[in-house]
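The values are calculated or read from the model by the stated rules, or taken from the named source; none is laboratory data. Everything numeric in this text was worked out from a predicted model, so none of it was measured. Because the Cβ atoms are built from the backbone with ideal geometry, glycine has one as well, and the counts that use them run over all protein chains shown. Keep in mind that these areas ignore ligands, DNA and RNA; they rest on the heavy atoms of the full protein, side chains included. Shrake-Rupley method; radii C 1.70, N 1.55, O 1.52, S 1.80 Å.
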Amino acid sequence: MRPQELLLLLLMLKWSLAHTEDPAFPHLGDSSQPLPRPCPWRCSCPRDDTVDCAGLDLRIFPDNITRAARHLSLQNNQLRELPYNELSRLSGLRTLDLHSNLITSEGLPDEAFESLNQLENFYVAHNKLSVAPQFLPRSLRVADLAANEVVEIFPLTFGEKPALRSVYLHNNRLRNTGLPPNTFHGSEAITTLSLSSNQLSYLPPGLPASLERLHLQNNLISKVPRGALSLQTHLRELYLQHNQLTDSGLDATTFSKLSSLEYLDLSHNQLATVPEGLPGTLTILHLGRNCIRHVEAVRLHKARGLRYLLLQHNKLGASALPKGTLRPLRALHTLHLYGNKLERVPPALPRHLQALVMPHNRVAALGARDLVSARALAELNLAYNSLASARVHPSAFRRLRALRSLDLAGNQLTRLPEGLPASLRLLRLQRNQLRTLEPEQLAGLNKLRELNLGHNRLRVADIGPGTWHELQALKVLDLSHNELSFVPPDLPEALEELHLQVNRISHVGPEAFLSTPHLRALFLRANRLHMTSIAAEALQGLTHLRVVDTAENPEQVLVQ
């Protein structure tokens, strides 16, 4: 070999050795280093087993998807169909997300699922499916077909799936004829089933015994066939609101076998009575917006664990809740009676009751002992009834030593009730006919944080000296829509929000807010203020002030 050729050979060898460890040339180095896997154009592949093509406005199924993919995201695109040959080769898929596309049943071939025998999570909600796939893999755990146009389910769509736990079919067009009795045969692990917002006329038979949550709201259900829920001993939540249920559509055994039931929603139906056979495990019973006129004690007898009873917007009248009806409910926390025709507070309230909500009724009087059994009350709402001061006993609230919120808005009170408990944090008295405020009426309320006296007939001269003295914790005071001619003096020092809009205030003097240095928001809208009505010194010391509303006065007010 000539010297020139030998020199060239040595140079080439040196170059090759120098680059075997160069990371820029991995193909010349260690052959054990993995080559980068291909990723479809515009998609991202954060891990070897994940391909994310979501939200790319794709109209064609992406090619070049690795066979190693376990999780494929194609949601929020414009796909109309999935090619069988592309999908079927991805046999290792565990998650397929097709949420929010334009896929039709014709565009989702059943054959494609034959090779996806490891698929666990299938999301195809918000598409254009008219029928469900006839066959889904046995390995399935979660199936979401919500918000399509599905009218028919097939036996092997969800049947024979021992690992299936959650099925979502809400917002479709299913009738009972499209949901055969063997729909869930062989799928004994389903805990969540959502069939809400369809067109079912009766409770479907053959539901899995393993169910824990069953959503059937917003259908046309008028009947629960006898025994339809006899096997669902694990069911904890049952949603039947917004249907067409009547008393004849239920019987004494409808709910009696549901030995784990905690939440039952029957609101927005046509029931005239409380259903029979309520289980003792029940915690929340929602019966609002029905046609119930009377509550029989025997219907609540077994539901001793009930904590929330909601009966708002029914037709409960004067004798709807006779004495003793609620007594068995020793754990009752909240009683909701909004919008009925009750003329008095229900007698013999449970002793542990913490919230009594009954605005918009016809309660005209409060006796000394009407609330005596409910000494644990923390919230009492009697707004928009017919209470007059003369018919509220001085001791009506005296024993409610845990009361934090009292709402008496929209009644006919001409003075503050006597004996208000010192525990109050919130007191609402707007839209009454209050004409006077005296110190003794607010005495002892040193924990009160919010007081609403708007829409009354108060004048500054009718507010006695020292009225605000004990309200040491008051943060919000609403005196709007009264007849005040100037800012009341000696307001509470802790005050942060003061509502004085829609009064007769024509002047704000330099000392108006000396007692309220922490004021953050001041509302003086729609008074009688002019350009120079607010003294410059009035706001100077309010270093925390962030909001001053002086709109809708006779002239634009200048706030310096």
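Quick look at the numbers
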| quantity | calculated |
| --- | --- |
| Label-point separation in nm, A297 to A209, each point 7 Å along Cα→Cβ | 3.8 nm |
| Nearest-ten-degree value, helix 3-19 long axis tilted from longest Cα axis of the chain | 30 degrees |
| For region 140-151, 3J(HN,Hα) per residue [Karplus equation, 6.51 cos²θ - 1.76 cosθ + 1.60, θ = phi - 60°, Hz, x = Gly/Pro] | 4, 10, 10, 10, 10, 10, 5, 6, 10, 10, 5, 10 |
| Two-decimal log10 I(q)/I(0) for region 54-208, as the Debye equation yields it once each C-alpha is a single scatterer, q = 0.09, 0.10, 0.14, 0.16 Å⁻¹ | -0.26, -0.32, -0.64, -0.84 |
| log10 of Debye I(q)/I(0), alpha-carbon scatterers only, for region 309-390 at 0.12, 0.14, 0.16, 0.20 Å⁻¹ | -0.29, -0.40, -0.53, -0.87 |
| Highest average packing first - 114-121, 246-253, Cβ atoms within 10 Å | 114-121, 246-253 |
| Protein accessible area in region 422-470, 1.4 Å probe - carbon and sulfur % | 40 percent |
| Most to least accessible of M531, M358 (protein chains only, probe 1.4 Å) | M531, M358 |
| Diffusion coefficient, µm² s⁻¹, Stokes-Einstein with Kirkwood Rh over alpha-carbon pairs of region 485-560 at 4 °C and 1.567 mPa s | 107 µm²/s |
| Whether region 34-119 is rounded, prolate or oblate, judged on the alpha carbon gyration tensor where a/c under 1.5 counts as rounded | oblate |
| Dipole magnitude of the chain, debye to nearest 20 (Cβ charges: Lys/Arg +1, Asp/Glu -1, about Cα centre) | 2380 debye |
| Computed [θ] at 222 nm, deg cm²/dmol, the chain (DSSP H ≥ 4; -39,500 (n - 2.57); rounded to nearest 500) | -1500 deg cm²/dmol |
| Extension gain (nm, one decimal) between A402 and E555, 0.36 nm per residue minus Cα-Cα | 50.3 nm |
| Extension gain from S201 to S389, taking 0.36 nm per residue of separation minus the Cα-Cα distance | 62.6 nm |
| Percent antiparallel among DSSP beta bridges (both partners in the chain, rounded to 5) | 5 percent |
| Normalised per residue, the volume of the convex hull around the Cα set of the chain (Å³) | 254 Å³ |
| Surface accessible to a 1.4 Å probe, per residue, for the residues of region 412-560, Å² | 48 Å² |
| 25 Å Cα-Cα reach of K128 towards lysines, excluding residues that sit fewer than 8 places from it in its own chain | K161 |
| Euclidean distance between Cα centres, region 248-307 to region 466-516, Å | 49 Å |
| Förster-model FRET efficiency, 22 Å R0, R546 and S515, C-beta, rounded to 0.05 | 0.70 |
| Cys residues of the chain counted as unpaired, since no other Cys beta-carbon is under 4.7 Å | C291 |
| Estimated vicinal HN-Hα couplings, Hz - region 120-125 in sequence order (Karplus 6.51, -1.76, 1.60; Gly, Pro = x) | 10, 10, 10, 10, 9, 5 |
| Modelled label reach - R175, point 7 Å along Cα→Cβ, region 190-207 residues with backbone N closer than 13 Å | 199-202 |
| S260 versus Q78: modelled label distance in nm, points set 7 Å from Cα along the beta carbon direction | 4.7 nm |
| Inverse mean reciprocal Cα-Cα distance (Kirkwood Rh) of region 387-534, Å | 15.5 Å |
| Amide H contacts of V508 (H built 1.01 Å from N, under 5 Å, at least 5 apart or other chain) | I534, A535 |
| Length gained when the stretch T281-N182 is fully extended (0.36 nm per residue, less Cα-Cα span) | 32.7 nm |
